[in-house]
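See structure below.
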Amino acid sequence: MRAFFEGIQSLFVDFLFKPLDLLRSLELSNWWLANIVSWTLVIICGYYMVYWCKQLQSHKENNEENQDTTAHSFLK
């Protein structure tokens, strides 16, 4: 059983976390490149939040939004 868990450790430490180790070592020379994953996720989330707000606004303008407090049976 010990070999099984050591195999899992080897998989993660030696293979799957190598790109993260590269980013960690890159941080000493260039902070912006080291945080490229975080910046990419911030940009993607920001884009979809703007998209979501635009969709909410278009539904509100078309009077498709149901603001009745009894829209759900558990609110009655």
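Brief remarks on what is shown
- Residue that is modelled with the highest pLDDT [pool: residues in the stretch 1-29 that are in a helix (DSSP H, G or I) and hydroxyl-bearing (Ser, Thr, Tyr)]: Ser10
- Flag for Val42 being in contact (Cβ under 8 Å) with a residue 12 or more places away in the chain, among the β-branched types (Val, Ile, Thr), in a helix (DSSP H, G or I) and surrounded by 10 or more Cβ atoms within 10 Å (Cβ to Cβ): no
- Single match in Trp52, Trp32 (criterion: touching a helix residue (DSSP H, G or I) at 6+ places or on another chain (Cβ under 8 Å) and either open to solvent by 80 Å² or more (accessible area, probe 1.4 Å) or in a helix (DSSP H, G or I) (or both)): Trp32
The values are calculated or read from the model by the stated rules, or taken from the named source; none is laboratory data. Source: prediction; values computed, not measured. With ideal geometry, Cβ positions are generated from the backbone for all residues, glycine too; neighbour counts draw on all protein chains shown. Heads up: the accessible areas ignore ligands, DNA and RNA and are worked out on the full protein's heavy atoms, side chains in. Shrake-Rupley method; radii C 1.70, N 1.55, O 1.52, S 1.80 Å.
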